[in-house]
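The values are calculated or read from the model by the stated rules, or taken from the named source; none is laboratory data. Bear in mind the structure is a predicted one, so any value in this text is a computation, not a measurement. Counting neighbours? That spans all protein chains shown, and the Cβs are built from the backbone with ideal geometry, glycine included. Note: areas computed on protein heavy atoms with side chains; ligands, DNA, RNA excluded. Shrake-Rupley method; radii C 1.70, N 1.55, O 1.52, S 1.80 Å.
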Amino acid sequence: MKVSVDPLVCEANAVCVGIAPEVFDLTDDDELEILLPEVPAGQADKVRHAVRSCPKAALTLEE
């Protein structure tokens, strides 16, 4: 499973960071950084939830 972000759509609301901080983080410039683009199996449910919860639908998941 792979997760990516569209930086033109993302507003850095950090909802995903709150749900899966092991996978997502914000840079000092308030840009979303994906720490683990290849999602570990143990994080899959959290990442799916984060993708569904993104208020701007900026995250994409490839299973």
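Simple point charges give the picture: +1 on the Cβ of Lys and Arg, -1 on the Cβ of Asp and Glu, and for the chain a dipole about the Cα centre of about 380 debye. Compared with the dominant principal axis of the Cα atoms in the chain, helix 44-53 is inclined by about 40°.
Per-residue accessible area (protein heavy atoms, 1.4 Å probe) orders ASP28, ASP45 as ASP28, ASP45, starting from the largest. Helices in the chain, meaning DSSP H runs of at least 4 residues, each add -39500 (n - 2.57). Divided by all residues, the mean residue ellipticity at 222 nm is -6000 deg cm²/dmol. Which of rounded, prolate or oblate describes the stretch 23-63 when judged by the alpha-carbon gyration tensor and an a/c cut-off of 1.5? It is oblate, given that a/c is not under 1.5 and a/b is not larger than b/c.
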